[in-house]
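The values are calculated or read from the model by the stated rules, or taken from the named source; none is laboratory data. Not measured: the values here are computed from a predicted model. With ideal geometry, Cβ positions are generated from the backbone for all residues, glycine too; neighbour counts draw on all protein chains shown.
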Amino acid sequence: MPKKTSFVTVVLAIAVLLFIAINAIDSDNTEVADSIATSTESTTSSPSESLLTTDSPILTEQSIDVAQVITTVEAQTKVVATLGIGSGPGDIAFEECVECEPLLPWAPVQLNDGRIIIADGVNHRWVLLSDGESSEYEWPNSVVASAQPVIDDADRVYVIVQGPLGKGGENQAELWVYEVTNFAEPILRYPASSIFGSTIDLSPEGVSINGVLIDGLTPQIKDRPQVAFVSFDTSDPDDSTRVKVTWPGHTTNTFIYGEGESPELFGPMPALEQGDVLMQLLIDGQYFVDRLSVDGTVTRMGVAPNGSVFGAAWADPTGFLQLEPDVPSTRWQIVHYVLADLM
């Protein structure tokens with residue numbers, strides 16, 4: 001049996017564990033469900049082919065040195081909810097262990113009506129927060145959420161779960177789709193990738209998992225910029241990470257980061273509806289969020305280490321939510337980071 005550790009110890013390790021877990025996702029060789037191809041496009045996230053067509057020329061294309069255009073601002077935050085640790089009403093839990101990778105809750109998602117929902121993997125349930133009150137909805141057959149939940153513009157919630165869902169109780173992964181009026185049972189179920197931390201992408205073309213489109217499932221979602229990491233030579237110390245963004249209207253900016261900076265997409269839908277794109281970086285132990293804009297500017301903001309598996313779950317032009325451990329009182333806080341002043 002693994003040795004138990006205190007909450008404070010786990011909190012201090014969360015940032016390191018999260019960084020390791022995110023990078024471990026890509027090395028997971030778990031089999032993918034039969035109906036979903038195992039090949040993925042590793043360089044593209046949230047694809048949206050309608051943004052750029054072969055007969056529509058690029059109007060503007062430029063390379064931007066991030067160090068030359070970046071502006072750093074102080075984070076503006078507000079605690080919107082406080083949660084207990086455990087299995088009671090309104091609680092969410094984490095796995096206490098030293099000799100394993102602890103299971104953490106997924107990041108909070110804010111629905112269009114203002115309610116907040118969290119996938120609590122340890123307790124096998126949804127926790128729904130509304131005006132300070134909580135409701136809990138257990139998942140059937142003790143399944144566990146294995147991917148960050150996302151929502152579309154119609155407030156449908158998409159999540160991948162794993163558990164004894166196959167014939168004879170065989171372990172299997174499925175994509176479950178929920179209506180916000182009923183979190184007790186999913187309205188749709190599809191075979192899904194069994195890779196922990198798979199990415200659910202929503203676009204006007206459909207729903208894809210790890211870049212593979214699901215037949216017959218179309219979300220209600222507005223078009224967003226196309227984001228791609230440009231390959232770079234890791235053996236060349238002078239090479240840099242490049243983030244290429246194409247906006248509607250076919251403006252393309254390639255943001256060039258400096259040596260030692262490794263930006264990652266922030267949240268499963270990092271391209272905001274109005275066009276900006278959010279990236280996360282870890283520099284000298286400090287987390288930052290960069291906001292890449294169509295005019296070629298970059299705004300950077302420091303953020304606290306988060307206590308969820310993924311980080312920010314959803315963002316809009318006003319800001320994003322992050323689940324953070326409150327060490328002094330050994331509770332969780334859902335913190336809203338304001339983005340309005342960065343526009």
- Could you list all residues from the stretch 187-225 that are hydrophobic (A, V, I, L, M, F, W, C), assigned to a strand (DSSP E or B) and under 14 Å from Arg156 (Cβ atoms)? Leu188, Ile200, Leu202, Val207
- Qualifying residue in the stretch 231-247 (condition: modelled with pLDDT of 80 or more, under 18 Å from the mean Cα position of the chain (by Cα) and surrounded by fewer than 18 Cβ atoms within 10 Å (Cβ to Cβ)): no
- Message: Could you tell me how many of the residues in the stretch 143-191 are in contact with a Ser or Thr (Cβ under 7 Å, 6 or more places away or on another chain) and farther than 18 Å from Ile117 by Cβ?
- Response: 4
- How many of the residues making up the stretch 139-181 are assigned to a strand (DSSP E or B) and farther than 25 Å from Leu272 by Cβ? 8
- Any idea how many residues of the stretch 111-125 are surrounded by fewer than 22 Cβ atoms within 10 Å (Cβ to Cβ), within 15 Å of Ile334 (Cβ to Cβ) and not aliphatic (A, V, I, L, M)? 2
- What single numbered condition from (1) under 21 Å from the mean Cα position of the chain (by Cα); (2) part of a loop (DSSP other than H, G, I, E, B); (3) at negative phi fails to hold for Ala184? (1)
- Message: over 26 Å from Ala147 (Cβ atoms) and not in a loop (DSSP other than H, G, I, E, B): which single residue out of Phe288, Phe255 fits that description?
- Response: Phe255
